[in-house]
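Report on one structure; see the data block that follows.
The values are calculated or read from the model by the stated rules, or taken from the named source; none is laboratory data. Worth saying up front: this structure is predicted, and the values here are computed from it rather than measured. Cβ placement follows ideal geometry from the backbone for every residue including glycine, while neighbour counts extend to all protein chains displayed.
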Amino acid sequence: MTFENSLPSYRNSFQFPAMLLVVVLFALAALCPAPGYAAPLDIGSRLEPLVDDYLIAQLDGVEQRLHQPVAREIAITLDKPWEGNIGCYFTVFQDDDLARMYFRGANYDVENGTYSTEYFCYAESTDGITWTRPELGIVEFEGSKANNIIIEGIGTHNFAPFKDTNPNCKPEARYKALASGKKHGLVAFTSPDAIHWTLVSEEPVITKGAFDSQNLAFYDNVRGRYVDFHRGFKDGVRHIMTCTSEDFQNWTEPQWVDFGDTPDEHLYTNATIAYPRAPHIFMAFPKRFVPGRDSGVHPIPGVSDGVFMTSRDGNHWNRWREAFIRPGAQDSRWVNRNNMTAWGMLQTAAFLPDTPDEYSLYSTEGYYVGPCRLRRFTIRQDGFVSVHAGGEKGEFITKPLIFSDDPKVTVAPATRKRVVLTDAAINGKQSLRFDRAETITMPNTQSLGAQATFAAVVRDVPKGGRRLFAAYNGGAVTTTQGEMWFDFDSSGKKTGMRFGCEGELIEADPEKLVDWSKGSGDSDPHLLVATWDDGVVTLYFDGKIVGQGGTAGRGALNFAHGDVLFGEDYAPAARGNEPFLGVVDDILILRRALSPAAVAALAERGADSLTGDEGDLRIDFETDDEGRVLNAFNKSEVISLPGYQGPADTVLSLNYATSAAGSIRCEIQDADGTPIPGYTLADCDEIFGDQIAHPVSWGGRAEVNSLVGKPVRLRFVMFDADLYSLRFQ
């Protein structure tokens, strides 16, 4: 008997269970992730600022960089006798069309070491820049109620109000606040109007912590609960504690927030908010206190600056060691307890004209030395941290992620896209708005024959040279053989309307033009037409002849550079030389020269009065069921719009800035890192400029509808550029 044959009973008795075990193990192996595997991040259609490493898988030749806000004007100076030289613990928040500000007013006598009575005060603004103090008539000061004081007594040391966005909030408690009470802890206040406040109870609602600081709470709309952040001392260092509540009265046991490996530092205040454009992310702007340093500017030692930190759950925080707001060159900001960032930020008009709104933050100066002041600082939307590429090309690759087109997820409105379909139509339901220099290719227009008409209806156009149509690359003063351009200046000057073609230059009569620019207040649509009749050119404005010239017998139009462009010239001409900006509708290129009567009818009745012949082109920007823009005459030619987002399209939108020579390109890969055809780096249209919300496009196509719900990676190749945030929307 061999050894193998000596085991038949064992083989027979264990054969089925062994096979079952193998099957189970294989099944478990299939179900259990392999080592190092991470499930794709589901980012939905949320805006994702690149403030942490949540999306980041790989940085090669690029880095995350903290950006500092820019100091602007003084928002308010505490120069009233009840406001004093130790005014602080500022709070700001937007309340519909009004911005509200709250702050402590008090005086400190340095020589005697004595403090005055504390009051909590109020100011308001319609723009977040200029602030006024209404006379509220609530609290008497030195015999008069003509002041901006809202409370005295309990809570005046560090009153911290907010507007309650809880959908179940009662109207009489629409505004709430926490403040230090008589007993150790924080007491609750409520108000129906943000001005008149009621102490709910002298019994504190939170008792664990150190409360002689700005201790705050607000309603977390994402997680559906109230959240508190207040100060505590941990091992002798000023630290931050957090707790939550369902009703603002009963709070969980406060816990220390976690900074990971970041060394402990004295954090005097925290100024935590839910970031308005991405409320799933908490941002905080603590005042970092360095008590042992003496700048020699004031008898009381200690210096401060502002730092920046973020969290996705309120408990675990990423804190930057470098300062977000430095004291700077002002002596008064090197005095103890200055550089305290106010709690809250406001979206305000940009400091520079014709640029997107910014966020305003506010920081204190003049504490102790007086008068106390609150200075405004500004930073671009999402501009706190970027993935930064310098003078060498680098790459940024995301972790696998899944995105959706959930219309319920919203953020603050995007601005400054490339070209955007707008419901504020000139004709029909939609028109196209140009917010920056772009071109649209007019298909099958390279050869037009001996007669042609170029027309467009435009509105809200800024002053300056604006190119309508071009088959021109900027190579000559006018044009050469095989070239054409049609431009205008809406200010109505001598060059207010011109047509250059085959070396000819025909200009409109300036006496027949007016200032119809956006700056003039003219919001009416205007029809601009140029006809070519075997070399004779006629220019029309709103149906009337304003210029004529040319040489008969010049023959057919055959453009050397390709199809006609709308909006700018061919390269190497600068894209931003005479870019069309504004709104356009009913772009026409016809293979016949309309008569004066036909142009007058076009101006009166619109393009619906025309029937298109073979080869004619009309773009009215009325999309079909698939969200495509077609030639309205034949309903077949698809018009490719740069970075266009159709009504049903999902696009990848970036907030970025580059230098004049810088660039960004994006590749979409599958979860394993393989480029997806049609979305490769080679397909991606080069991105440059400075935009808050810019749709990425690949070969002129921006939609990513087919990738919704599928695990993908994003690979960015960058040069001299900053990428601040991304969003599928």
- Any chance you could count how many residues in region 681-708 are assigned to a loop (DSSP other than H, G, I, E, B) and over 14 Å from Arg665 (Cα atoms)? 2
- Item | Qualifying positions in region 328-347 - more than 16 Å from Gln214 (Cα to Cα) and in contact with an Asp or Glu (Cβ under 6 Å, 6 or more places away or on another chain) | Ser332, Arg333, Gln347
- Note on the structure: Those strands (runs of 3 or more DSSP E) completely within region 71-136 that have 2 or more residues that are among the hydroxyl-bearing types (Ser, Thr, Tyr) and modelled with pLDDT of 95 or more are 88-95, 119-125
- Task: Find the strands (runs of 3 or more DSSP E) located wholly in region 336-402 whose residues include 3 or more that are at pLDDT below 95 and buried (at least 22 other Cβ atoms within 10 Å of the Cβ), and list them.
- Result: none
- Message: Looking at Val222 and the list (1) over 23 Å from Tyr268 (Cβ atoms); (2) touching a residue at least 40 places away in the same chain (Cβ under 8 Å); (3) part of a loop (DSSP other than H, G, I, E, B); (4) over 34 Å from the mean Cα position of the chain (by Cα), which single condition is not satisfied?
- Response: (4)
- Message: under 23 Å from Ala556 (Cα atoms) and not hydrophobic (A, V, I, L, M, F, W, C): is that true of Glu622 in this structure?
- Response: no
- Does Arg715 qualify as being in a strand (DSSP E or B), in contact (Cβ under 8 Å) with a residue 40 or more places away in the chain and more than 20 Å from Glu395 (Cβ to Cβ)? no
- Extreme residue, surrounded by the fewest Cβ atoms within 10 Å (Cβ to Cβ), among residues of region 516-553 that are in contact (Cβ under 8 Å) with a residue 40 or more places away in the chain and among the charged types (D, E, K, R): Asp524
- Message: Can you go through Arg288, Arg319, Arg277 and tell me which one is charged (D, E, K, R), under 23 Å from Lys163 (Cβ atoms) and either surrounded by 21 or more Cβ atoms within 10 Å (Cβ to Cβ) or at pLDDT 95 or above (or both)?
- Response: Arg277
- By my count, strands (runs of 3 or more DSSP E) wholly in region 253-334 with at least 1 residues that are in contact (Cβ under 8 Å) with a residue 12 or more places away in the chain, in contact with a Gly (Cβ under 8 Å, 6 or more places away or on another chain) and β-branched (Val, Ile, Thr) are 287-290
- Task: Within region 615-635, count every residue that is in a loop (DSSP other than H, G, I, E, B) and free of Cβ contacts under 8 Å to residues at least 12 places away in the same chain.
- Result: 3
- Message: Of everything in region 608-636, what is of a type outside the set (Ser, Thr, Tyr), surrounded by fewer than 18 Cβ atoms within 10 Å (Cβ to Cβ) and at pLDDT 85 or above? Give them in sequence order.
- Response: Asp608, Gly612, Asp613, Glu614, Gly615, Glu622, Asn634, Lys635
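Here is a yes/no grid of residues against (1) of a type in the set (Lys, Arg); (2) in contact with a Ser or Thr (Cβ under 7 Å, 6 or more places away or on another chain); (3) in the same structural domain as Ala571 (by TED's automatic domain parsing); (4) modelled with pLDDT of 90 or more:
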position: Ala470; (1), (2), (3), (4): no, no, yes, yes
position: Trp485; (1), (2), (3), (4): no, yes, yes, yes
position: Glu504; (1), (2), (3), (4): no, yes, yes, no
position: Ser520; (1), (2), (3), (4): no, no, yes, no
position: Leu539; (1), (2), (3), (4): no, no, yes, yes
position: Val546; (1), (2), (3), (4): no, no, yes, yes
- Can you tell me which residue in region 438-485 is surrounded by the fewest Cβ atoms within 10 Å (Cβ to Cβ), limited to those that are among the small types (Gly, Ala, Ser) and not in a strand (DSSP E or B)? Ala476
- Message: Take the residues in region 218-239 that are in contact with a strand residue (DSSP E or B) (Cβ under 6 Å, 6 or more places away or on another chain) and within 12 Å of Asn315 (Cβ to Cβ); name whichever of them is surrounded by the most Cβ atoms within 10 Å (Cβ to Cβ).
- Response: Phe229
- Note on the structure: By residue number, the members of region 297-316 that are touching a Phe, Trp or Tyr at 6+ places or on another chain (Cβ under 6 Å) and modelled with pLDDT of 95 or more are Val303, Ser304, Gly306, Val307, Phe308, Met309, Ser311, Gly314
- Scan of region 574-599 for residues that are surrounded by fewer than 17 Cβ atoms within 10 Å (Cβ to Cβ) and in contact with a strand residue (DSSP E or B) (Cβ under 9 Å, 6 or more places away or on another chain), ordered by number: Asn577, Ser595, Pro596
- Subset of region 574-590, residues aliphatic (A, V, I, L, M) and modelled with pLDDT under 90, comes to Ala574
- Query: Just checking, which of Glu667, Glu637 is under 28 Å from Val385 (Cβ atoms), acidic (Asp, Glu) and either outside the structural domain of Leu565 (by TED's automatic domain parsing) or touching a strand residue (DSSP E or B) at 6+ places or on another chain (Cβ under 6 Å) (or both)?
  - Reply: Glu667
